[in-house]
Each structure stands twice: as C-alpha cells, then as structure tokens.
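> Below is the structure I would like to discuss, written out as structure tokens.
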Amino acid sequence: MLVLREIYKSFGAVKALKDVSAEVRKGELITFLGPSGCGKTTLLRCIGGLTKPDAGDVFLDGEIINDLTPDKRGTQMCFQNYALFPHMTVAGNIGYGLQVHKWKKKRIQERVEELLHLVRLDGLGDRPIDKLSGGQQQRVALARALALEPKVLLLDEPLSNLDANLRVMMRATLREIQKRVNITTIFVTHDQFEAMSISDRLVVMHDGIVEQIGAPSEIYEKPSSEFVASFVGYVNILNGEVHNLGSETEPAVICTELGDLQVLRSEDDIEVNERVFLIVRPETIQIGPYGEATGINEFKSTVITSMYGGSTIKYTVDVQAKDIVIDQFDPSHVGIFEIGEKVSITIPQNVHILKK
Ligand SMILES: Nc1ncnc2c1ncn2[C@@H]1O[C@H](COP(=O)(O)OP(=O)(O)OP(=O)(O)O)[C@@H](O)[C@H]1O
Ligand SMILES: [Mg+2]
C-alpha cells in the first residue's frame, strides 16, 4: 500500500537515510525500530511530507506522493509531545481538523462523539486539556489524528512521555484501537520490547540503513546480522568455524570457543571451514547440577553472577573463560544456583547460524 523506494536524506555532512526501501501493507502496524539517531523520525517525516528526501520515491496506493503537501497525502502524523492545543477543550482539539476542513457543526459534533467513544473518553469532551492525565492526553492526540480518517497513521514515539506502567497499558490500547479501525500505522520507537509486542512487522534500522524487515518472531529468532541479533533482546554470540556439515539427519559440527557444538542446519547454506556466528538466546540454554557433562552440547561451567527477578533468574556463567548469559524460568520451583557453584549448561541444537 505504501512503498518507500531508495530514499536518501542528508543534513549537511550527516547522512540520515542511505538508500532506504520498504513496503507497508494495508491495515498493518509496522514499526521503525533502531537506536537514537538511526533515522527513524527522518524517514517518518519523509512519508508525512514534512521533510523532503534528497532522492527516492514514496508511493501510496500506487501513486507517487513525493510532491504533495502533508495535508494532501492522506497521511497523519502524531507527535511525541502530542502538540495538543492547551487553551482548547478535548472536543475542540479532536474536532480542530474537521473545522479547518469546513465540516458542518452538527457533523463535527457527531464525529467527535464517535472518536471520544473509540478512545474511551466518553463524556470528557468539555474537559480542558490541562485537566487530563498523560494517558488521556495521548488518547486525545490519537483521536485527533484519526478524525479525518487518514490512510496512514504516523506515530513518532507516541508513548515515550508516559510512565512505565501506563506505557504498557497504552501499548495495548493503541494496538486494540488500530486493529478496530483497521488503519495502516507506522510506529516509531527505540524500545525493542515495545516494538515486538505491538507490531505486525518490524523495520530494524541502523545508521540510516534498513538492516532487516520481518515479523517480530522472525527478527528475534533469525536475525540477519550481528547488529539485529544484539539490538533485539540479549543474545550470546559464539564465534565458530564449520568442521563438518552433517546431513539431513546428522547435525553439523561447529568448533566454538566453548568447544565443539552439534547444530541442526535447517536451511543455512554453510560450507566446511567457513567462519560463522552462532546466535544463542539466554532462555534457550539449560542449566543444571554439575555432573560429568556427557550430554550433547553440555559444558561444565561456574556461576559468576545471578540476578533474581521473580519469574526468572538471570545467570552469567563462565565456560572456558567465556561469559554466557542464561535466563531460567520459574527459579523457585527449579532450584537456584549460588555464585561460585559449579553447574552444567546445555546449548540447544537448533541455534541460528549467521555467516560472518
Ligand atoms: N533538521 C536536522 N538538521 C540536522 N541534522 C538532523 C536534522 N534532523 C535529523 N538530523 C540528524 O539526522 C540523524 C537522524 O536523525 P533522526 O531524528 O531521524 O533519528 P531518530 O532515529 O529519530 O533518533 P531518536 O530515536 O533520537 O529520535 C541524526 O544524526 C540527527 O542528528
Ligand atoms: Mg526520532
């Protein structure tokens, strides 16, 4: 529905966007995710017509919209600080764009009521903006952005002004409203958990380029680069060299700093002697009492740190002088290991292989 083709944008010597291409599907919530300064806001502004790219095209429903002004594009941007009008009521804010578009008073009233209901602010139309909580203001901003039924909603870090608990609640609210209205939405955040929890797909950005586009589980389980692997959740990255390719039924053998690992290859097209990274998520490693360590991919190790978090415990263990991070669920049931205690850990056979 929305296509970004080879977008470039520089500010003086800063190359904010370098050849960015992506496609957004109708009705999906897609998130631009990446560290501060990677170009997320710049890309969003290029879509909304607030920033002119140096090169590249933006298509909406098959038409190039490069030269259309922001109000003619069918996009609507919702800013981080909400940019609500402080001297107006809730209804005044939500109906502002409708007034500008010369809607009749009665129709504006009806639409505002409908939107108040949508964002669960029924009855608060007459409230001054400064008498609202942060979460309520956020919902007013959303209602105002939706008022003219844009084709694409652009949200730049819309939850970053809210405290932690409210932020989690508003995530769910936002997602629920987005699905109900079925509006194509581009969401920007640098928070990987936020991104993973509300999005249909993620566009992971780094330094002005797109690193990977995919569903959250795909990005988490099969990251296409070291950057994506370490930006999206914690990860243990092992350096390996392929010793033996295995077969359909036999796992490959990869020599790592921990020792030889047996790895199921799935579709990865690796070669003997090739150098690779193995991506091992902390929650996939098993930790158990110290034994002979004779199982597949089992290694002797020592607990260096342990952080109790209620539902999980996060250990760092030492294996051959390499730190490995492990998340163990339900620790009080499974048993807690002490710092300095010797343990055995088991790396799963289905780790993701990344070519170096
Ligand atoms: N108007 C501008 N003038 C000069 N440099 C700019 C301008 N806007 C952005 N930049 C630079 O372009 C790069 C990308 O900025 P952008 O605001 O798109 O990043 P971002 O990913 O949104 O970061 P954040 O997460 O901090 O909001 C940064 O290096 C930034 O300093
Ligand atoms: Mg930004």
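> Restricting attention to the stretch 57-87, which residues are open to solvent by 30 Å² or more (accessible area, probe 1.4 Å), within 30 Å of Asn161 (Cα to Cα) and part of a strand (DSSP E or B)?
Hit for the stretch 57-87 is Gln76, nothing else.
Yes or no, residue by residue, for (1) within 16 Å of ligand 1 (Cβ to nearest atom); (2) open to solvent by 10 Å² or more (accessible area, probe 1.4 Å):
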position	(1), (2)
Pro158	yes, no
Leu174	no, no
Ile209	yes, yes
Gly214	no, no
Val235	no, yes
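> Against the definition (away from ligand 2 (no atom under 16 Å from the Cβ) and either modelled with pLDDT under 95 or assigned by TED's automatic domain parsing to the domain that holds Leu159 (or both)), how does Ile64 come out, yes or no?
When the stated conditions are applied, Ile64 passes them.
> Do we have any residue at all in the stretch 213-236 that's assigned to a loop (DSSP other than H, G, I, E, B) and aromatic (Phe, Trp, Tyr)?
From the stretch 213-236, those assigned to a loop (DSSP other than H, G, I, E, B) are 215, 222-225, 232-235; that's our starting set.
Okay, now just the ones that are also aromatic (Phe, Trp, Tyr), so 234.
Yes, some residue in the stretch 213-236 is assigned to a loop (DSSP other than H, G, I, E, B) and aromatic (Phe, Trp, Tyr).
> Right, something else. Checking the conditions here, which among Asn161, Asn182, Asn165 is farther than 29 Å from Gly97 by Cα, out of contact with any Pro (no Cβ under 8 Å at 6 or more places or on another chain) and assigned by TED's automatic domain parsing to the domain that holds Lys72?
Asn165
> Now for a separate question. Within the group Lys52, Lys72, Lys26, which residue is of a type in the set (Lys, Arg) and in contact with a Ser or Thr (Cβ under 9 Å, 6 or more places away or on another chain)?
Lys26
> For residues in the stretch 26-40 being over 24 Å from Asn182 (Cα atoms) and not small (Gly, Ala, Ser), which is most open to solvent (accessible area, probe 1.4 Å)? Break it down stepwise before answering.
In the first step, residues of the stretch 26-40 are kept if they are over 24 Å from Asn182 (Cα atoms); the result is 34-39.
Then keep just the ones that are not small (Gly, Ala, Ser); that gives 35, 38.
Numbers: Pro35: 37, Cys38: 3 Å².
Filtering first and then ranking leaves Pro35.
> So, one more: Residue by residue through the stretch 322-348, note down the ones that are within 21 Å of Gly310 (Cα to Cα) and within 29 Å of the chain's Cα centre (by Cα).
Correct list: Ile324, Val325, Ile326, Asp327, Gln328, Phe329, Asp330, Pro331.
> Right, another one. Identify, by number, the condition in (1) open to solvent by 40 Å² or more (accessible area, probe 1.4 Å); (2) over 28 Å from Leu98 (Cβ atoms); (3) more than 16 Å from ligand 2 (Cβ to nearest atom); (4) over 21 Å from the mean Cα position of the chain (by Cα) that Phe11 doesn't meet.
Phe11 satisfies every listed condition except (3).
> Return yes or no: is Thr31 within 11 Å of ligand 1 (Cβ to nearest atom), within 25 Å of Ala141 (Cβ to Cβ) and of a type in the set (S, T, N, Q)?
No; evaluated as a whole, the condition is false for this residue.
> Continuing with this model, one more query. Here's a check for you: in the stretch 176-207, which residue that is among the polar types (S, T, N, Q) and part of a helix (DSSP H, G or I) is nearest to ligand 1 (Cβ to nearest atom)? Outline the logic, then answer.
First pass over the stretch 176-207, keeping only residues among the polar types (S, T, N, Q): 178, 182, 184-185, 189, 192, 197, 199.
Checking which are part of a helix (DSSP H, G or I) leaves us with 178, 192, 197.
Details: Gln178: 21, Gln192: 12, Ser197: 18 Å.
Ranking the candidates gives Gln192 first.
> Please work out which residue is nearest to ligand 2 (Cβ to nearest atom), limiting yourself to the stretch 27-40 and to residues that are touching an Asp or Glu at 6+ places or on another chain (Cβ under 9 Å) and not in a strand (DSSP E or B).
Lys40
> May I ask you to say which residue of Leu43, Leu17, Leu98, Leu4 is of a type outside the set (Ser, Thr, Tyr), open to solvent by less than 70 Å² (accessible area, probe 1.4 Å), touching a helix residue (DSSP H, G or I) at 6+ places or on another chain (Cβ under 9 Å) and assigned to a helix (DSSP H, G or I)?
Exactly one of Leu43, Leu17, Leu98, Leu4 is of a type outside the set (Ser, Thr, Tyr), open to solvent by less than 70 Å² (accessible area, probe 1.4 Å), touching a helix residue (DSSP H, G or I) at 6+ places or on another chain (Cβ under 9 Å) and assigned to a helix (DSSP H, G or I), namely Leu98.
> Next up: What's the number of the only condition in (1) in a loop (DSSP other than H, G, I, E, B); (2) more than 16 Å from ligand 2 (Cβ to nearest atom) that Val140 fails to meet?
Result: Val140 passes all but (1).
> Thr305 fails exactly one of the following numbered conditions: (1) surrounded by 14 or more Cβ atoms within 10 Å (Cβ to Cβ); (2) at pLDDT 95 or above; (3) outside the structural domain of Met196 (by TED's automatic domain parsing). What is the number of that condition?
Status for Thr305: all satisfied but (1).
> Please list, ordered by first then second residue, the pairs with beta carbon atoms under 8 Å, 6 or more apart or interchain, first in the stretch 53-64 and in contact (Cβ under 8 Å) with a residue 60 or more places away in the chain, second among the hydroxyl-bearing types (Ser, Thr, Tyr) and open to solvent by less than 40 Å² (accessible area, probe 1.4 Å).
Short answer, once both residue conditions are applied: Leu60/Thr75.
> Just to be sure I understand, how many residues within the stretch 237-273 are touching a strand residue (DSSP E or B) at 6+ places or on another chain (Cβ under 7 Å), surrounded by fewer than 19 Cβ atoms within 10 Å (Cβ to Cβ) and small (Gly, Ala, Ser)?
2
The values are calculated or read from the model by the stated rules, or taken from the named source; none is laboratory data. Quick caveat, the model's predicted, so the values are computed rather than measured. Don't worry about glycine lacking a Cβ; one is built from the backbone with ideal geometry, like all the others, and counts go over all protein chains shown. Calculation scope for accessible area: heavy atoms of the full protein, side chains included, ligands and nucleic acids excluded. Shrake-Rupley method; radii C 1.70, N 1.55, O 1.52, S 1.80 Å.
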